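Student: I have a structure I would like to understand better, so I am pasting it below and will then ask my questions one at a time.
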Amino acid sequence: MDEGVEVYGELRHDGLMVVTCEHATRRVPPPLVATAADERLLDAHWGWDPGAEWVARRLVDLTASVGIFSRFSRLVCDPNRDPSDPTWILTQAEGHCLSFNQELDEGERERRRSTYHDPYHQRIDEMLSARLRLSGDVLLLSVHSFTPVLGDEVRWMELGVIFDAHEAVAARFAKRLKAEGFVVALNEPYSGYKNVMYSANRHGNEHRVLYLELEIRQDLLGSEEAAKAVAESVYRALKGLGVRKQRRARRAI
Ligand SMILES: [Zn+2]
């Protein structure tokens, strides 16, 4: 583990996935300091995706895959946004100005990029490259969680399968998740076409692998035990999904 990223699990030729978790933690690494007033936002969905890392770890274990987890809060800088995106570093949320994000100069922005953002994405590149040198099918899955209520919006879906390119596999995955008893929606609570899946899109396209983002409503992830149960259902839905690398499909003909 280094300052910005943890790699979890071992690369194996039969590991179905490279699992990423961009919002795994609310950690604000030193020398940054969060004030008591900042903590309220760090604890909430603004700071991290509660429960997502529990699901991601369990999925890695069940599928013999490898996981890449961020080790910094999205409020330090968001690894699921391009650094040129104005929301890459939020200066305020819900009317509160984040003390550690005020009047940042270019040097500090560059430090956050080189210390946190870039190493996180380099590890995903390394792991995907290494995984693709082995045999077997590969899916890049980015695991997130979402708040049940955002402003006036009550989110009715329990799981969201977010896609921008691989609609057919997303639909099959959603159907199999429904069969596990979940209320599932495609491209909800937000659409993959609206620039919300930067990490999966970037690495999936660069390495030409199928990629999806899975969003899980946070009230389903109230404890590690509950999160593991969700992961086990997701695992059953993934089995037999029919993920194929093009290279492998051609060889089979
Ligand atoms: Zn997230």
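Student: Report, as a whole number in µm² per second, the diffusion coefficient that Stokes-Einstein gives for the stretch 10-58 at 4 °C and 1.567 mPa s using the Kirkwood radius over alpha carbon pairs.
Tutor: It diffuses with D of about 101 µm²/s by this estimate.
Student: Among Leu150, Leu212, Leu59, whose mean-square fluctuation peaks in a Gaussian network model of the chain (Cα, cutoff 10 Å)?
Tutor: Highest fluctuation among the options: Leu150.
Student: Now a separate question. What is the distance in Å between the Cα centroid of the stretch 222-241 and that of the stretch 51-99?
Tutor: What the calculation gives is 20 Å, centre to centre.
Student: Now a separate question. Taking a quarter of the surface of the convex hull around the Cα atoms of the stretch 1-152, what do you get in nm²?
Tutor: Numbers: hull surface 38.5 nm².
If you wrap the Cα atoms of the stretch 1-152 in a convex hull and average its projections, you get 9.6 nm².
Student: Hey, another quick one. When the convex hull of the Cα atoms of the stretch 5-252 is projected onto a plane and the area is averaged over all directions, what value comes out in nm²?
Tutor: Values: hull surface 52.1 nm².
So the mean shadow area of the Cα hull is 13.0 nm².
Student: Shifting gears a bit: State in Å² the accessible area per residue of the stretch 5-252; use a 1.4 Å probe, count heavy atoms of protein chains only, and round to the nearest integer.
Tutor: Spelled out: the 1.4 Å probe surface of the stretch 5-252, per residue, equals 44 Å².
Student: Report ³J(HN,Hα) in whole Hz for each residue of the stretch 107-124, in order, from the Karplus equation J = 6.51 cos²θ - 1.76 cosθ + 1.60 where θ = phi - 60°; Gly and Pro get x.
Tutor: x, 6, 4, 5, 4, 5, 5, 6, 8, 10, 5, 5, x, 4, 6, 4, 5, 4
Student: Another question about this same structure. Please compute the Kirkwood hydrodynamic radius over the stretch 94-185, one decimal place, Å, based on all pairs of different Cα atoms. Walk me through the intermediate numbers first.
Tutor: Values: mean 1/r = 0.0574 Å⁻¹.
So the Kirkwood estimate lands at 17.4 Å.
Student: Let me ask something else. Considering the chain as a Gaussian network with a 10 Å cut-off on Cα pairs, which listed residue, Phe163, Phe69, Phe182, attains the greatest mean-square fluctuation?
Tutor: Result: Phe182 has the largest fluctuation of those listed.
Student: If you roll a 1.4 angstrom probe over the protein chains with everything in place, what fraction of the accessible area of the chain belongs to carbon and sulfur, to the nearest %?
Tutor: On the way: 5650 of 11460 Å².
With neighbouring chains kept in place, the figure for the chain is 49 percent.
Student: Mean residue ellipticity at 222 nm from the helices of the chain, using -39,500 (n - 2.57) per DSSP H segment of n ≥ 4 over the full residue count, to the nearest 500 deg cm²/dmol?
Tutor: On the way: 8 runs with 88 residues, N = 253.
After summing the helix terms and dividing by the residues of the chain, the value is -10500 deg cm²/dmol.
Student: On to the next question. Rounded to whole Hz and in sequence order, give me ³J(HN,Hα) for the stretch 229-234 from the Karplus expression 6.51 cos²θ - 1.76 cosθ + 1.60, θ = phi - 60°, writing x for Gly and Pro.
Tutor: Going residue by residue, I get 5, 4, 4, 5, 5, 4 Hz, with x marking Gly and Pro.
Student: Out of residues 5 or more away from Phe146 or on other chains, whose amide H comes under 5 Å of its own, with H placed 1.01 Å from N in the peptide plane?
Tutor: Correct list: Ile216, Arg217, Gln218.
Student: Okay, next question. If you average 1/r over every pair of different alpha-carbon atoms in the stretch 153-237 and take one over that average, what Kirkwood value in Å do you get? The partial results should precede the final answer.
Tutor: Values: mean 1/r = 0.0750 Å⁻¹.
This gives a value of 13.3 Å.
Student: Can you give me the Rg/Rh ratio for the stretch 1-89, using Cα atoms for both radii and the Kirkwood formula for Rh?
Tutor: Numbers: Rg = 14.2 Å, Rh = 13.8 Å.
My calculation of the ratio gives 1.03.
Student: Give me a comma-separated list of calculated 3J(HN,Hα) values for the stretch 40-57, in order, Karplus coefficients 6.51, -1.76, 1.60 applied at θ = phi - 60°, integers in Hz, x for any Gly or Pro.
Tutor: Listing the rounded values in order: 4, 6, 4, 5, 7, 5, 5, x, 6, 10, x, x, 5, 5, 4, 5, 4, 4 Hz.
The values are calculated or read from the model by the stated rules, or taken from the named source; none is laboratory data. The structure presented is a predicted model; accordingly, all values stated were derived computationally and were not measured. To get the accessible areas, we keep the full protein, side chains included, count just its heavy atoms, and leave off ligands, DNA and RNA. Shrake-Rupley method; radii C 1.70, N 1.55, O 1.52, S 1.80 Å.
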